[in-house]
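Below is a structure I'd like to ask you about.
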Amino acid sequence: MRIASVAVSNMKALGDRLFDYCVPEKLRNTVRPGAFVLIGFGKADKRTKGIVFSLRDGEPERKLKPIYAVLDNSALLSDEAMKIAEYVTKRCFCTYYDAARLLIPYGCDFNVEETVSALPQENGAAPMSPLEEEIYRYVSEKERVAVTALLDSFGDSARMVLGTLRSKGYITTDADVKQNVGDLLVRLVSIAVDGKTLAEILKSKRTGARQAALLEYLKEHGESSVKEVCYMTGASAAAVNGYIKKGVLSARLEQVYRLPKITESESPAEIVLNDEQQAAFEGILSKEGFSPSLLYGVTGSGKTHIYLKLCEHAVNSGKTAIVLMPEIALTSQVITRFYRVFGRKIAIIHSALSAGERADEWKRLKNGDAVIAVGTRSAIFAPVSNVGVIIIDEEQEHTYKSEMTPRYSARDVALFRGKYNKCPVVFSSATPSVATYSKAASGAYGLYKLTKRFNGEPLPSVTVVDMREEQSKGNTGIISEKLYDEIAGNLKRGEQTLLFLNRRSYNWFISCRNCGNAVTCPKCSISLTYHSENRRLMCHHCGYSTEFTEVCPTCGKKALKFFGTGTQKVVSELELLFPDARIMRLDADSTVRKNSHDEILSAFAAGEADILVGTQMIAKGLDFPRVTLAAVLLADFTIYSDDYKANEKTFAQITQVIGRAGRAELSGRAIVQTYAPDNRVLNLAVSQNYEAFYKEEIELRKKLTYPPYCDICQMTFESEREALAREAAEAVANECVTVRATKYPDMPLIGLGPSQARVLKVNNVYKYKLVLKCRINKDLCDLAESAASWFDGEKRFQDVLMSVEYNPENIA
C-alpha cells in the first residue's frame, strides 16, 4: 500500500503531527510530496485540506482513511521547500501545515467548504433520534448544505450527529474546493485558414471594412489578444466570435502574469565598484560552499552596489538569488535599482501586493521566468532552486522576525537555505545587531568593512540639541530653535529635509486634569491615541476606535489634556512655522492605499516636497540626493525602555537617520533632539562609533547573561481570565523546574518570571510570560515540549492558549 504522511490544516500546535493516509490506486500517480490534498479528519471524517510531506510503501498497523482528491495536479512544494517546512516546524513550535503554508502565497491556496447531501431513505433503515430526524429533514429539503450553515442552525453538537447519520447511510459528505485566486487568462486568436481562403474572404463583398482590418491585422502580426485586435482595428468582439464560429479564426486561452508596478528609471549603468567594495565582493565569493558573512559599511558606503554584483555573479553562473529588505518603503527604491540592471528577471514579494500579484510573482519564480526574489521577510520562502546568494539588508531590523504564528526568523531560515544550497549568506548593515557582529568578530562569520562613503563625501556633521533648554526658553513645541534655522536655510537653498519621529498619530496619550485617569482602550491595558485627520481615538493594538469628545469617560468632566507628539502633530506644527513649505508624511496612517509607499517616496525624490516627516519607514536605506538635513525629533523613546536591546535599537535608529543626509554632492547635516544629551549610547551614535558601542554593549550583555551569551525561550499564556493565565504560567514554570531536575540536571538555565506581559491585556485577553535563558539545543527543545505536553493534558487550562517562541525580538 502507498502511504502518505499528511500535514492537516487547522490543528493545534500542541499535539500536532503528520497523519498517515492511504493513497487510492486511481491517485497513485498524482499524489506527490508537496501537493495539496482533500482528506477526512476525525471521527466525523470532516472534509479538510492537507499537504503531503512524504510517501512510503508498506502495510499499515491499522486501517487508514483514504485521500479523496488531489487539489493541485502539480507538486507545489519542492524537496527544499519541504525541508524548510520541517525546519520551521521544529524551530518555531508550530504545526506542520502552518509551516508549509509559509511557502505558498494565499492566492495559490485553496478554500475547502464541507457539504452534505441527503440519501434516499430505505425501508428498515436504522432508527433516528429526534435531533437526527430534524437535521436529516433540513438537509433533505435542500440539494446540498454547507456544514457551516448546519452548525449555525443547530449548534456544534450537529457535527457528531452528521457522523452518525453518515454511518447509518442517511447522508453523504462532500466538499466544494476553490482556489483562492485563479489565473488571469487572456483569449488569443489567430488565422485558421490557408492564404487562398483568406484572400477570398477579404475580397468578398460581405466583408466589411472593420472585418477586413481585423483579418489584415492578424495576417500581419500573427496571434494576438482579442482586446488588442479590437482596440487596434475598431472591430467588435462579436465579429471576432463570428469568425471563430465559422472556423476562420482559432482561439485559445493563455495565462498572463499580473505584474506589480515598478517605477521606471534611466537605462542600466555598468556596476563599478571602488577598491573597498571590490575587496568585499571578492572576499564574500572566495569561500566555497555555505559561508555566512557580515558586510559592515557606514551609511552611504554603497552596499547596494555589492548586492547587485553578487546577484549578477549568481545569475551569470546559472543560479538564483534572494534579497531581503526590512520595510516595504525601502523595498521600492531597491527594486528600482535592481530593475534597472536585471529587468523582469526580478520578482517582488511583499504584503502590499494584491493576492493575484503575489501568486503570479511566486509562479514566475517557480517557473524560472524570474531568477531574483526581492522583497520583505516572506521573500525568504521564494520558490527558487539552486540559490547562489542570499542577502539580508539592514539585518538588525526587528521586522525580520514574524510576530504571528509561525514566529519564524528570516535570518535563521536564510542560514538554513544557505546550508542547503551551499551558498553565501550576506548579513549587511551600517549598524549590525550585537549578536551578528559578535559572530563576525569571533570568526564564525566573515567580516568585510566599508569605512568610507561611496561618493567620497564625509559623514554628516551632527548637532545635539538639549530640549530641556528649549523648554526653559518657553519653546514647548517639537521643533527646536536650531532645527528651525536649519530647515529655513534648506528651504531658501531649495534643499530637502527628513524629520524622524517614531510615533504616528497626533497625540499618543490623553489624561483628565480633573480625575487624573488616562483615556485607555476598553479592551486593552494601553492608552488610546488621538488622530486629528478623522478626530478619533484609536488603539494601535486591537484596532478599537471611537469618536473623540472632550468629556472624560471616567468622571464626565470636560477636562481632557493631550500629551505626546506624533507625526500628524509635527506636520501641523511645521505648517504653522513654514506656511510655504511643501510637506509630506510617511507612516502607517498615510500608506493604507496600495502603492502609497512608492507614490510618496517617488514624489519626494522628484522634488515635489521640501520636508518629509516619517516613522521608521524613513530611517534607513533611503537615498535622496537633495536631502542635506536629517533630524531625530526625539531620541528618547528607546533609551529607557525595559527591552534588553534598548541600547542597540537606540544606536541603530540615531545612526541610520543621520546617514540619510548628504549622500550625493551636497554635504549633509544632522540634528538629534533629546532630553538626555549626556547619554553614552546617544553620543556614540552621534559620533558614528559602532566599534566603541559594540565593546561596551557586549560587556553589558555578558554581565547580564543576554544574547549572544545565551538564547531565550519565551513561553506565553493567554486567557480571558487573568487569574487563570497567571496560574497556568506558574504551573508550567514548576513543571519546567521538575523536568530539568529529573532529566537535565546539568543544563545551564536561568528562569525569569512568571510575570505580566509588557501589555497585560490586549483585546480582552490577558497575557503572562515565562522567560528561560539557555542555549537552544535538543535538551532545551525536549524540555519545552515536555512542559507543553504536560500543559496540554491539564483540563483546568483548556481555556488558556500557550505558545513557545525562541529568541523573540522583544521580551513581551
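Taking Lys246 as the anchor, which aspartates and glutamates have their alpha carbon closer than 18 Å to its alpha carbon, excluding any fewer than eight residues away along the same chain?
Once the sequence-local aspartates and glutamates are set aside, what remains near Lys246 is Asp194, Glu200, Glu216, Glu223.
Residue by residue, what Karplus-based ³J(HN,Hα) values in Hz, rounded to whole numbers, does the range 50-65 have, using 6.51, -1.76 and 1.60 with θ = phi - 60° and x for Gly and Pro?
So the Karplus estimates, Gly and Pro as x, are x, 10, 6, 9, 7, 10, 8, 10, x, 9, x, 6, 9, 5, 10, 6 Hz.
Still on this structure, please answer the following. Karplus couplings for the range 91-102 from phi (6.51 cos²θ - 1.76 cosθ + 1.60, θ = phi - 60°), rounded to Hz, Gly and Pro as x?
With the stated coefficients, the range 91-102 comes to 7, 10, 6, 10, 7, 4, 5, 4, 5, 5, 5, 4 Hz.
Which residues' amide hydrogens lie under 5 Å from the amide hydrogen of Thr463, considering only partners 5 or more residues apart or on another chain, with H built in the peptide plane?
Ala670, Ile671, Val672
Another one. Roughly how many percent of the accessible protein surface of the range 58-98 is carbon and sulfur, given a 1.4 Å probe and a whole-percent answer?
Accessible surface attributable to carbon and sulfur in the range 58-98 totals 47 percent.
Still on this structure: List the trypsin sites (Lys or Arg not before Pro) within the range 436-528 that fall in a DSSP loop (any state other than H, G, I, E or B) and whose Cβ has at most 14 other Cβ atoms within 10 Å.
Lys473, Arg513
While we're looking at this one, here's another question. Run the accessible area of the range 362-419 with a 1.4 Å probe and give the carbon-and-sulfur part as a rounded percent.
Carbon and sulfur atoms account for 45 percent of the accessible area of the range 362-419.
Right, another one. What's the local net charge at Phe154, with K and R +1, D and E -1, over the other residues with C-beta under 11 Å away?
Neighbourhood net charge equals -3.
Report the full-extension gain for the segment Arg582 to Asp466: residue separation times 0.36 nm, less the Cα-Cα distance, to one decimal in nm.
Stretched fully, the Arg582-Asp466 segment lengthens by 39.0 nm.
Compute, for His398, the solvent-accessible surface of its heavy atoms (probe 1.4 Å) with the complete set of protein chains present, and express it in square angstrom to the nearest 10.
70
Let's test the formula: R0 of 56 Å, r as the Cβ-Cβ distance of Thr197 and Thr405. What FRET efficiency results, to the nearest 0.05?
My answer for the efficiency is 0.30.
Let me ask something additional. Give me the mean projected area, in nm² to one decimal, of the convex hull enclosing the Cα positions of the chain.
46.6
Based on the Cβ-Cβ distance from Phe290 to Ser442, what FRET efficiency comes out when R0 is 25 Å, to the nearest 0.05?
0.90
Considering only protein heavy atoms, what per residue accessible area in square angstrom results for the chain with a 1.4 angstrom probe?
So the chain comes to 46 Å² accessible per residue, rounded to a whole number.
Something else now. Tally up the carbon and sulfur contribution to the accessible surface of the range 471-566 as a whole percent, 1.4 Å probe, everything protein left in place.
Using a 1.4 Å probe with all protein chains present, the range 471-566 comes out at 45 percent carbon and sulfur.
Another question about this same structure. Subtracting the Cα-Cα distance from 0.36 nm times the residue separation, let me have the gained length for Lys205 to Lys246 in nm, one decimal.
13.1 nm
Separation between the Arg159 and Lys261 pseudo-spin-labels, each 7 Å from Cα along Cα→Cβ, expressed in nm?
4.4
Would you mind computing the Rg to Rh ratio of the range 119-245 from its alpha-carbon coordinates, Kirkwood style for Rh?
Ratio of gyration radius to Kirkwood radius for the range 119-245: 1.45.
Could you calculate the FRET efficiency of Lys594 with Ala518 from 1/(1 + (r/R0)^6), where r is the beta carbon distance between them and R0 is 35 Å, rounded to 0.05?
Given R0 = 35 Å and the Cβ-Cβ separation, E is 0.50.
So which lysines can Lys287 reach, going by Cα to Cα under 23 Å and dropping same-chain residues fewer than 8 places off?
Lys303, Lys309, Lys319, Lys419, Lys422, Lys439, Lys449
Run the helix sum for the chain: -39,500 (n - 2.57) per DSSP H stretch of 4+ residues, divided by residue count, reported at 222 nm to the nearest 500 deg cm²/dmol.
-10500 deg cm²/dmol
For the range 728-776 and the range 104-167, compute the distance between their C-alpha centroids and round to whole Å.
Distance between centres, Cα-based: 43 Å.
Put +1 on the Cβ of each Lys and Arg and -1 on the Cβ of each Asp and Glu in the chain; which of Thr399, Gly242, Tyr296 then has its Cα farthest toward the positive end of the dipole?
Checking the options against the dipole of the chain, the answer is Gly242.
To the nearest 10 square angstrom, what accessible area does Val462 show with a 1.4 Å probe?
Counting only protein heavy atoms, Val462 exposes about 40 Å² to solvent.
For a quick check: with amide H placed at 1.01 Å from N, whose amide H comes under 5 Å from Glu720's, ignoring anything fewer than 5 positions away on the same chain?
Sorted by chain and number, the residues that satisfy this are Tyr766.
From Cα pairs below 8 angstrom and at least 6 apart in sequence, can you work out the relative contact order of the chain, rounded to a whole percent?
Worked out over the chain, it gives 10 percent.
Which whole-number percent of Cα pairs in the range 52-104 have a distance greater than 13 Å?
67
Please tell me which of these pairs span more than 27 angstrom C-alpha to C-alpha: Lys43/Lys363; Lys219/Lys345; Lys561/Lys767; Lys649/Lys769; Lys12/Lys65; Lys452/Lys594?
Lys43/Lys363; Lys219/Lys345; Lys561/Lys767; Lys452/Lys594
Just add up the charged neighbours of Asn683: K/R +1, D/E -1, any other residue whose Cβ is under 13 Å from the Cβ of Asn683.
Value of the local net charge: -2.
Hey, another quick one. Would you kindly derive the ³J(HN,Hα) couplings of the range 756-770 from the backbone phi angles with the Karplus curve 6.51 cos²θ - 1.76 cosθ + 1.60 (θ = phi - 60°), listing them in order in whole Hz, with x for Gly and Pro?
Calculated HN-Hα couplings, in order: 5, 5, 4, 10, 5, 10, 10, 6, 6, 10, 8, 10, 10, 9, 10 Hz.
The values are calculated or read from the model by the stated rules, or taken from the named source; none is laboratory data. This is a predicted model, so every value here is computed, not measured. Because the Cβ atoms are built from the backbone with ideal geometry, glycine has one as well, and the counts that use them run over all protein chains shown. The area values use the complete protein model at the heavy-atom level, side chains included, leaving out ligands, DNA and RNA. Shrake-Rupley method; radii C 1.70, N 1.55, O 1.52, S 1.80 Å.
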